[in-house]
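**Q** Here you go, one structure.
Rule-based calculations on the coordinates, nothing more; no lab input. Computed from a prediction, not measured in an experiment: that's the story for all the values here. Ideal geometry is used to build each Cβ from the backbone, glycine not excepted, and the neighbour counts take in all protein chains shown.
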Amino acid sequence: MGLWQHLAESYDKNAEALKEAYPLSTTSISNNSDIIVVIVIDGNGEFIRSDKIEKQSKPTKKSPGNPLVNITIPVTEDSQGRSSNVCSHPVFDQYGYLKGEGKKFDAYIAQLKNYSESKFATQQIKAIYKYVEKRSIASDLSEMNLKDKTNIIFQVEIPDNRQAKVWKDETFFNAWHQYYQSEKKKRHDARGEAETKLANRQDLSRDEKKKFEEQAKLKDDVSIDYISGAQGQLIAISHPKKISNASGNAKLVSANDDTNYTFRGKFAESSEAVAIGYESSQKAHQFLRYLINNDRGYSCGEQVILSFTIGSTEKLLPPPIEDNSIWGILQGAQIATQSDIQIELRAETGFDYAVALKQTLAGLGYSNTLKQHAKTAVIALDAATTGRLAITFYRELDRNEYLEKIAEWHSGGKWHQKFWDKENEKYVPYVGAPSVDKIIAAVHGKPRAVKDESYTKIKKAARERLLRCIFDEALLPKDYVVAAVRRGSNPLGISTGGEFDRNAFEQVVSTACALVRKDNLQRDKEDYKLSIEHDRTDRDYLYGRLLGAADKLEEYALYKKNNDRVVTAAIRHMQAFAQRPFRTWQTIHGCLNPYIQSVKGSFAFSEIEAIMDRFESGEYEKDTPLNGSYLIGYYHERAYINSLGKAAHNEKKTTDNTETEDNNDKS
């Protein structure tokens, strides 16, 4: 019960901040699929006008579109879980319940009448009841041609009442919650009285027996609350759904099904096994809704992964996994000792974000706010079916442990990466762990369509596996490493519009290198450096360097001839090279012969000769498949030749400038 306790306690600690948007005994409706009608009445229940909140729409060139609007409405335990059965919400409901006829209206008006006549009723509720009992809603809204499922809310304009919009009135929601709890207590008392009377049923008439038997079936009870541990609490009969928009009507806690539930063991009723207090259930679910809706949740289909600082509503810590890169974290918490110019310069050159992240997280770890909230929870929710939501991952960590695990993940799996900066429309290089989405793309490829359900299932499972790697220190799945290397070895399979995509290929190779480095570090305690290792003589790494040098040599030769072809011999034969490097290298080298004379003095040509000399006796001639470290060698060699080229270009530029200055001095 740790999670539920923390959620309920967190709601209590932040009740003032949450009671307006997330009051108890409520749910929400939206304009996502239809309009919302607003009926405006006065304090005497007289109709003034009708307004509407337009259905949500995306902006276009001709229209700004309509934003998503969420409206909080009061509910009962039964109505919040209703499906096709007749069960009305207390005040705001669908047009089918308010139009003035049928079983739905009868249920709605009876409940509203009881509420309006109670001591908890506000002026607004009394005015709404006066209006609804006239049965004039259908005629008042006749021009709108409403569907039965169109939601209707009320605006009551009363002099001296500053909040006419009932759905935004805190007093209204407090009154409803207190009223509903009092009704639950009445039903519990009636049930106890009925059970006492039925113990001496011989003294009862037939009508009295029928009445008390019906009351004895009421489920409202008072018991120990397994969340708070308090005695004598009103117990929740049903629990909220719509915890997240992604999971729809799925519930985390399901009520007992008296129709289909057959095995009870030693219990006569389900509440004897476990009982959750109504108020505790409402608090826990509302705080969880808040966390998911407050952009803390990382969603994929019905799955939501999030973390929160227990007892706090502030976004104090980085998320457990990111949808882009750690750039976003560092942008929000830049290191104080660095100027904006230095930060921009480092972003351009690709500085080590993993180191910067550690420094940033260290700073977060000592903040005053975090000292007050020492625990962090990481949660993954997923819907197994349309009606069932499950907690598939839950870890409760000390604050510093949480920060250390995230920092360690980025430090151990870091490699040269880049991401697309939408704001500035350019690629930003960085050194850090690839994002979870990049890992999944490198392992499984990209979805076949915008909505690919099979890919979504794969993606959800992958995120959970990687979550365990981050927080449980589980070994990186070997199948992920193998799959990423295999995908990185098939560059012609990485295409956009049917043509080889060099940028996408390089991202896959960078991600594969990060996984290979992490895997070697975990399993073999071998750490590959982030730049070229001239002293490393293992066959796989050297063959990778050869492939990288060949790729750069042909690239340079094509550039000199103004040929924009991007598929080199190294790229074309890379898949075969990974399986039969010795035999395939002869083919690749043969393809380079037409270019060697024109680029014989290039860095790439001299590197090929130097690498050939590094092979130990007998290693070069082996033709067995290469392991993942060959991709690291391939990446290192290309990056090394690029750096030599840049250095030579800068040196030439400096020399030219010096000569110009000397000539100016002479003149």
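**Q** Quick one: which residues, 5+ away or cross-chain, put their amide H under 5 Å from the amide H of Tyr427? H built at 1.01 Å from N.
**A** Asp421
**Q** Let me ask something else. Work out how much length Lys457 to Thr624 would gain on full extension: take 0.36 nm times their residue separation and subtract the Cα-Cα distance, in nm to one decimal. Display every interim value, and only then the final one.
**A** On the way: separation 167, 0.36 × 167 = 60.12 nm, distance 3.55 nm.
Using 0.36 nm per residue and subtracting the Cα-Cα distance, I get 56.6 nm.
**Q** Loop-only check: which GluC sites (Glu not before Pro) in segment 562-635 are DSSP coil with at most 10 other Cβ within 10 angstrom? Please list the in-between numbers first.
**A** Numbers: sites: Glu607, Glu609, Glu616, Glu619, Glu621; in loops: Glu616, Glu619, Glu621.
Taking segment 562-635 and a limit of 10 other Cβ atoms within 10 Å, the loop GluC sites (Glu not before Pro) found are Glu616, Glu621.
**Q** Rg(Cα) of segment 31-168 divided by 2.2 N^0.38 Å?
**A** Working: Rg = 15.3 Å, N = 138, 2.2 N^0.38 = 14.3 Å.
Rg over 2.2 N^0.38 Å, computed on Cα atoms: 1.07.
**Q** Suppose R0 equals 51 Å. What FRET efficiency, 1/(1 + (r/R0)^6) with r the Cβ-Cβ distance, do Tyr394 and Ser136 give to the nearest 0.05? The partial results should precede the final answer.
**A** Values: r = 52 Å, r/R0 = 1.01.
The pair Tyr394/Ser136 has a calculated efficiency of 0.50.
**Q** Which links in Lys529/Lys552; Lys210/Lys241; Lys241/Lys451; Lys165/Lys457 stretch past 31 Å when you go from one Cα to the other? Spell out each step's value before the answer.
**A** Values: Lys529/Lys552 21 Å; Lys210/Lys241 34 Å; Lys241/Lys451 25 Å; Lys165/Lys457 42 Å.
Pairs exceeding 31 Å: Lys210/Lys241; Lys165/Lys457.
**Q** While we're looking at this one, here's another question. How about Lys561: which aspartates and glutamates have a C-alpha closer than 20 Å to its C-alpha, ignoring those fewer than 8 places off in the same chain?
**A** Asp551
**Q** Would you order Tyr635, Tyr298 from fewest to most other beta-carbon atoms within 10 Å of each residue's own beta-carbon? Mind showing how you got there, number by number?
**A** Numbers: Tyr635 23, Tyr298 20.
Ascending Cβ contact count within 10 Å gives the list Tyr298, Tyr635.
**Q** Compute the FRET efficiency between Glu401 and Arg465 as 1/(1 + (r/R0)^6), taking r as their Cβ-Cβ distance and R0 = 22 Å, and round to the nearest 0.05. Don't skip to the end; give the middle numbers.
**A** Details: r = 20 Å, r/R0 = 0.93.
With R0 = 22 Å, the Cβ-Cβ based efficiency is 0.60.
**Q** Segment 111-163: which trypsin sites (Lys or Arg not before Pro) are DSSP loop and have at most 15 other beta-carbon atoms within 10 angstrom? It would help to have the intermediate numbers written out before the result.
**A** Working: sites: Lys113, Lys119, Lys126, Lys130, Lys134, Arg135, Lys147, Lys149, Arg162; in loops: Lys119, Lys134, Arg135, Lys147, Lys149, Arg162.
Of the trypsin sites (Lys or Arg not before Pro), the ones in loops of segment 111-163 whose Cβ has at most 15 other Cβ atoms within 10 Å are Lys119, Lys134, Arg135, Lys147, Lys149, Arg162.
**Q** Which order results if Thr537, Thr392 are arranged by neighbouring Cβ count within 10 Å, fewest first? Provide the component values of the computation, followed by the final result.
**A** Numbers: Thr537 12, Thr392 17.
Final ranking by Cβ density, sparse to dense: Thr537, Thr392.
**Q** How charged is the neighbourhood of Asp12? Take every other residue with its Cβ under 14 Å from the Cβ of Asp12, and add Lys/Arg as +1 and Asp/Glu as -1.
**A** Surrounding charge for Asp12 is -1.
**Q** Starting from the Cα gyration tensor of segment 551-604, take the square roots of the eigenvalues, sort them a ≥ b ≥ c, and report rounded, prolate or oblate (rounded when a/c is under 1.5, otherwise prolate if a/b is larger than b/c, else oblate). Working shown, then result.
**A** Working: a/c = 2.58, a/b = 1.66, b/c = 1.55.
Verdict is prolate for segment 551-604.
**Q** While we're on this one: Does segment 441-520 classify as rounded, prolate or oblate by the C-alpha gyration tensor (a ≥ b ≥ c root eigenvalues; a/c under 1.5 gives rounded; else a/b over b/c gives prolate, otherwise oblate)? Walk me through the intermediate numbers first.
**A** Details: a/c = 2.76, a/b = 1.30, b/c = 2.12.
Oblate, since a/c reaches 1.5 and b/c is not below a/b.
**Q** Excluding Lys197 itself, calculate the net charge of residues whose Cβ lies under 15 Å from the Cβ of Lys197, where each Lys or Arg counts +1 and each Asp or Glu counts -1.
**A** Details: positive: Arg191, Arg201, Arg206, Lys209, Lys210, Lys211, Lys217; negative: Asp189, Glu193, Glu195, Asp203, Asp207, Glu208, Glu213, Glu214.
Every neighbour counted, the sum reads -1.
**Q** Still on this structure, please answer the following. Assign one of three labels to segment 445-486, namely rounded, prolate or oblate, based on the Cα gyration tensor with a ≥ b ≥ c the square roots of its eigenvalues; rounded applies when a/c is under 1.5, prolate when it is not and a/b is larger than b/c, and oblate otherwise. Mind showing how you got there, number by number?
**A** Working: a/c = 3.82, a/b = 1.56, b/c = 2.45.
Since a/c reaches 1.5 but b/c is at least a/b, the shape of segment 445-486 is classed as oblate.
**Q** Counting other beta carbons within 10 Å of each residue's own, what order do Trp415, Trp420 fall into, fewest first? The partial results should precede the final answer.
**A** Working: Trp415 24, Trp420 13.
With the fewest neighbours first, Trp415, Trp420 line up as Trp420, Trp415.
**Q** Report the net charge of residues surrounding Phe173, where surrounding means a beta-carbon distance below 12 angstrom and charges are Lys +1, Arg +1, Asp -1, Glu -1.
**A** Details: positive: Lys19, Lys168; negative: Glu20, Asp169, Glu170.
Summing Lys and Arg as +1 and Asp and Glu as -1 gives -1.
**Q** Tell me which trypsin sites (Lys or Arg not before Pro) from segment 52-105 have a DSSP coil assignment and no more than 12 other beta carbons within 10 Å of their own. List each step's numbers first, then the result.
**A** On the way: sites: Lys52, Lys55, Lys61, Lys62, Arg82, Lys99, Lys103, Lys104; in loops: Lys55, Lys61, Lys62, Arg82, Lys99.
Those that pass, being in a loop and sparsely packed, are Lys61, Lys62.
**Q** Still on this model: Taking H as built 1.01 Å from N, whose amide H comes closer than 5 Å to the amide H of Glu157, not counting residues under 5 places away?
**A** Ile41, Asp42, Gly43
**Q** Something else about it: Working from Cα positions, state the angle (0 to 90°, nearest 10) between the long axis of helix 278-291 and the longest principal axis of the chain.
**A** 30 degrees
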